[in-house]
1. Take segment A:72-96 and flag every residue that is within 14 Å of chain B (Cβ to nearest Cβ), farther than 11 Å from residue A:43 by Cα and surrounded by 17 or more Cβ atoms within 10 Å (Cβ to Cβ).
2. May I ask you to say which residue of A:69, A:46, A:65 is surrounded by fewer than 19 Cβ atoms within 10 Å (Cβ to Cβ) and within 12 Å of chain B (Cβ to nearest Cβ)?
3. Which ranges mark the strands (runs of 3 or more DSSP E) fully within segment B:77-161 that have 1 or more residues being within 13 Å of another protein chain (Cβ to nearest Cβ) and touching a residue at least 60 places away in the same chain (Cβ under 8 Å)?
4. Restricting the search to segment B:187-215, which residues are over 22 Å from the mean Cα position of the chain (by Cα) and facing another protein chain (nearest Cβ under 9 Å)?
5. Those residues that are without any contact (Cβ under 8 Å) to a residue 40 or more places away in the chain and surrounded by fewer than 19 Cβ atoms within 10 Å (Cβ to Cβ), I need them from segment B:165-176; list them, please.
6. Residues that are closer than 16 Å to residue A:133 by Cα: list the strands (runs of 3 or more DSSP E) wholly contained in segment A:2-112 that include at least 2 such residues.
7. With the condition being more than 20 Å from the chain's Cα centre (by Cα) and either over 26 Å from residue A:146 (Cβ atoms) or without any contact (Cβ under 8 Å) to a residue 40 or more places away in the chain (or both), I'd like the helices (runs of 4 or more DSSP H) fully within segment B:221-302 carrying at least 1 qualifying residues.
8. Would you call residue A:112 in contact with a helix residue (DSSP H, G or I) (Cβ under 6 Å, 6 or more places away or on another chain) and surrounded by 15 or more Cβ atoms within 10 Å (Cβ to Cβ)?
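Values quoted throughout were computed directly from the atomic coordinates according to the rules given, and no laboratory measurement underlies them. Predicted model, so just to flag it, every value in this text is computed and none were measured. Backbone-built Cβ (ideal geometry, glycine too); neighbour counts: all protein chains shown.
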């Protein structure tokens, strides 16, 4: 069985990080498994973790009073779930559910935040990587906002 | 290996190979010019979506020359007007055209019933010319109604499956309900010799497919970027981002083909209505390679 530092090192989000850094992050992580339809995170609950997805598929959802839950994005292996743990008030904006049986590494947020505070180089590296993730999500969201398929012509 | 194409469970569109290779010069015997429509009869009509209909057309008299995938015809709704509609299939002499109701002409075409007569001028424009990508992985990306012009590529590819490498079809749509050709997509998705991935902008939890933008599917499409050709069709904004993500994978820009569809009018490169930069898209397009298309995608439609 591979260790958590090895598993993190294989994930694109943590690519090219030195082993010592992977060890540091891995010390805050543990292997988790979710059955299909299990809830990973709940909107408004404390954001005390983020998930490094290894297998399966996760649906990010928003609850709507009229239409019930609406899936706004699906993510899978190679993706990361959760950025709300980075900044106060450390609360989830959206919910997420396992659309398929899902395997991930859960990284404890308070643990990693403390290490980032102690080691600004690690903190900067983490924030650069999460900023890239947020940029990609923002671009994707803007594309969805354009509603490109709404009025296309034959 | 050549696999038979699964037939559609519902609706009159049956699929079959589109002739590969050069387009035979049609037997123009009557001297009808390219501005004169030939008479066609509606032999099938399927409501794909609330505002979208697929018509099957056969010639009443003299037929237009055989079209190739990627080309378009000008369809006349008599007494109303004419609109450019891309080919979504051609089998046994039956033209398939998928039309969305967006104005008076397309509205009249969508309302046509079996037995009605429609005028056809064409075929016009550059085709996809799939055979130029023989031996390579084929990445097809369709957004919204863009699946209509992509469909003939899939049919041609499956009819000559052994001539190509991996086949990947990526589809983006607004919602699961707005997916065109759903039965056919399900049949293709069930095949072992092609990959079909569908993503929508939003969905209820019942939807088991992907949710997100189509570019995310490109990032993980199982192709060899050094030996892949991409064919992209959809709204221009979507094509721009989809093509960019194909290039980000390392695919040669000259191997990325887009179908640019601006307002065609005369369809013979005469009137200039569809002019985009130095191109008259009705004859220099609609299928254009990325190096030619890229600077033009920033030009607004008039």
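1. Matches in segment A:72-96: A:72, A:73, A:74, A:75, A:76, A:79, A:80, A:81.
2. Just one listed residue meets the conditions, A:69.
3. Answer list for segment B:77-161: B:81-91, B:94-100, B:137-143.
4. Passing the criteria: B:202, B:203, B:204, B:205, B:207, B:208, B:209, B:210, B:211, B:212.
5. Of everything in segment B:165-176, those that are without any contact (Cβ under 8 Å) to a residue 40 or more places away in the chain and surrounded by fewer than 19 Cβ atoms within 10 Å (Cβ to Cβ) turn out to be B:175, B:176.
6. Because the criterion is at least 2 residues that are closer than 16 Å to residue A:133 by Cα, the strands (runs of 3 or more DSSP E) in segment A:2-112 that meet it are A:49-55, A:68-75.
7. Here the list reads B:236-248, B:290-293.
8. No.
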